[in-house]
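Q: After the structure tokens below, expect a handful of questions from me.
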Amino acid sequence: MVTICGRNEATLEETKRLVLSENGNDEKKIVEIIGDITGEEVMKSIIDKTLQKFKRLDVLVNNAGGTSGSIFMENELDDISVFDYVFNLNTRSVLRLCQLALPHLIKTKGEIVNVSSVVGLPNGA
């Protein structure tokens, strides 16, 4: 049983198809949510819809992330909204989803997996 979330409906459908093909094509075992993970309502929806469908939460995998290729360029710093979006995507959404999921994960003795990138490492940028 899995809940997946993404901004792009076509990509989300392809992910759903791949998940189902590996797990017996049982549509009852997947929830898909279209939305931007930086939005509070989308984050709440992920937890709420998972609990509605599966009645429990065992694992939270935070795997969203990204950057603006030119975030540190002078013209990008003029528009701080680019920085805000990248921060909300890579940091705030991870923290907030952990906060929303934690009470349910405590009940099931569940786990949190946070996936990150090598971009933040020396020579990774």
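The values are calculated or read from the model by the stated rules, or taken from the named source; none is laboratory data. Keep in mind the model is a prediction, meaning the values are calculated, not measured. Note that each Cβ is placed from the backbone with ideal geometry, even for glycine, and that neighbours are counted across all protein chains shown.
Q: Within the stretch 84-114, take every residue that is outside any helix (DSSP H, G or I) and touching an Asp or Glu at 6+ places or on another chain (Cβ under 9 Å) and give me the one that is surrounded by the most Cβ atoms within 10 Å (Cβ to Cβ).
A: GLY110
Q: Oh, and also: Name every residue in the stretch 18-53 that is among the basic types (Lys, Arg) and at pLDDT 95 or above, in order of residue number.
A: Result: LYS44, LYS49, LYS53.
Q: For the stretch 20-59, which positions are among the aliphatic types (A, V, I, L, M) and assigned to a loop (DSSP other than H, G, I, E, B)?
A: Listed by number, the residues that qualify are ILE37, LEU57.
Q: Does the stretch 51-68 contain at least one residue that is more than 21 Å from ILE112 (Cα to Cα), more than 16 Å from the chain's Cα centre (by Cα) and of a type in the set (D, E, K, R)?
A: no
Q: Sticking with this one: For the stretch 38-65, give me each residue that is surrounded by 14 or more Cβ atoms within 10 Å (Cβ to Cβ), β-branched (Val, Ile, Thr) and touching a residue at least 40 places away in the same chain (Cβ under 8 Å).
A: Once the filter is applied, which keeps residues that are surrounded by 14 or more Cβ atoms within 10 Å (Cβ to Cβ), β-branched (Val, Ile, Thr) and touching a residue at least 40 places away in the same chain (Cβ under 8 Å), the stretch 38-65 yields THR38, ILE46, ILE47, THR50, VAL61.
Q: Anything in the stretch 31-49 that is farther than 17 Å from ASN63 by Cα and in contact with a strand residue (DSSP E or B) (Cβ under 7 Å, 6 or more places away or on another chain)? List them, or say none.
A: Answer for the stretch 31-49, where residues must be farther than 17 Å from ASN63 by Cα and in contact with a strand residue (DSSP E or B) (Cβ under 7 Å, 6 or more places away or on another chain): just LYS49.
Q: Please state which of the following conditions ALA125 fails to meet, knowing it meets all the rest: (1) in a loop (DSSP other than H, G, I, E, B); (2) modelled with pLDDT of 90 or more; (3) aliphatic (A, V, I, L, M).
A: If we test ALA125 against (1) in a loop (DSSP other than H, G, I, E, B); (2) modelled with pLDDT of 90 or more; (3) aliphatic (A, V, I, L, M), just (2) comes out false.
Q: I need a count of the residues in the stretch 76-113 that are modelled with pLDDT under 95 and either closer than 25 Å to LYS49 by Cα or within 12 Å of the chain's Cα centre (by Cα) (or both).
A: 5
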